1. I'm spelling it out carefully: the read-out is Rg and Dmax of the Cα atoms in Å, the candidates are (1) 18.3, 67; (2) 17.4, 60; (3) 17.1, 56, and one was derived from this structure. Which label?
2. Can you give the % of DSSP beta bridges in the chain that are antiparallel, to the nearest 5?
3. Can you tell which of Ile128, Cys165, Asn118 lies farthest toward the positive end of the dipole of region 116-165, using +1 and -1 charges on the Cβ of basic and acidic side chains (Lys, Arg; Asp, Glu)?
4. Within 10 Å of each candidate Cβ there may be at most 13 other Cβ atoms; applying that plus a DSSP loop requirement, which GluC sites (Glu not before Pro) in region 54-154 survive?
5. Quick check: residue separation of Ser206 and Lys124 times 0.36 nm, minus the Cα distance between them. What number comes out in nm?
6. Normalising by the residue count of the chain, find the relative contact order in percent from Cα pairs under 8 Å and 6+ residues apart.
7. Among rounded, prolate and oblate, which fits region 97-169 when a ≥ b ≥ c are the square roots of the eigenvalues of its C-alpha gyration tensor, a/c under 1.5 means rounded, and a/b larger than b/c means prolate?
8. Evaluate region 19-85: find the radius of gyration of its Cα atoms, find its Kirkwood radius, and give the ratio Rg to Rh.
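The values are calculated or read from the model by the stated rules, or taken from the named source; none is laboratory data. These numbers come from a predicted model, not from an experiment. Here Cβ is always computed from backbone atoms with ideal geometry, including for glycine, and neighbour counts include all displayed protein chains. Note: areas computed on protein heavy atoms with side chains; ligands, DNA, RNA excluded. Shrake-Rupley method; radii C 1.70, N 1.55, O 1.52, S 1.80 Å.
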Amino acid sequence: MAKEIKGFIFDLDGVITDTAEYHYKSWQKLADEEDLDFDREVNEQLRGVSRMESMDIILDGKDVPDEQKKEWTDRKNKYYQVYLEEISKSDILDDMEAKLNKLKAEGYKLAVGSSSRNARKVLKNLQITDIFDTIADGNSVKHAKPAPDLFLHAAKNLELEPEECVVLEDAESGVEAALAANMKAVGVGPEGRVGKAHLVYADVDSIDFDEIIKKL
């Protein structure tokens with residue numbers, strides 16, 4: 001028999017807020033400085049992927065020493081940090097804050113499960129850190145999505161079984177990580193990207209938690 005849902009784990013980027021444009025501008029700035037091939041199409045492949053893996057995707061097999069790659073990813077992150085200062089409460093997507101507060105009031109445990117090492121800073125600027133019972137980010141585990149480690153870490157901190165958790169994700173790698181963790185997956189975005197999830201919503205605005213609880 002399916003276990004009762006007791007907790008929700010949210011990816012940050014694309015589900016609660018959207019810092020994708022800041023990532024894009026940061027990578028583009030680095031690419032322009034170092035004469036690397038980069039455009040919106042390449043950027044789309046970086047969704048839900050760790051910083052170093054993103055660098056490898058951009059390099060597309062080009063042989064670059066590890067220390068050079070680290071210098072580049074560190075520089076990209078510095079640019080990103082500057083852009084992050086612009087984020088405020090108004091950057092929360094649609095009515096997600098109200099949805100989070102409703103779930104919390106109904107007694108569900110809430111977590112953030114984000115590959116970003118900057119997740120805490122973003123949540124602080126959005127002024128919603130205290131809604132969540134735990135935050136699992138890029139500093140929490142060694143293996144990034146699509147490995148299930150990040151979500152399993154979040155569930156452990158919530159003191160819940162994986163089967164009691166629902167993950168909301170907008171990236172293919174995140175949906176795969178949720179399924180690998182033996183959790184219920186809700187995809188946010190186009191079918192082509194998140195169609196492997198148990199339930200799919202086109203955007204944040206259309207997410208219906210009553211439906212999710214009933215169907216999953």
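1. (3)
2. Values: 1 of 20 bridges.
Roughly 5 percent of the DSSP beta bridges within the chain come out antiparallel.
3. Positive-most Cα among the choices belongs to Asn118.
4. Numbers: sites: Glu67, Glu71, Glu85, Glu86, Glu97, Glu106; in loops: Glu85, Glu86, Glu106.
Hits after loop and neighbour filter: Glu85, Glu86, Glu106.
5. Values: separation 82, 0.36 × 82 = 29.52 nm, distance 2.53 nm.
Gain in length upon complete extension: 27.0 nm.
6. Values: 354 pairs, mean separation 52.9, N = 216.
The normalised contact order for the chain reaches 24 percent.
7. Working: a/c = 2.13, a/b = 1.16, b/c = 1.83.
Verdict is oblate for region 97-169.
8. Working: Rg = 10.9 Å, Rh = 11.9 Å.
Computed over Cα atoms, the ratio is 0.92.
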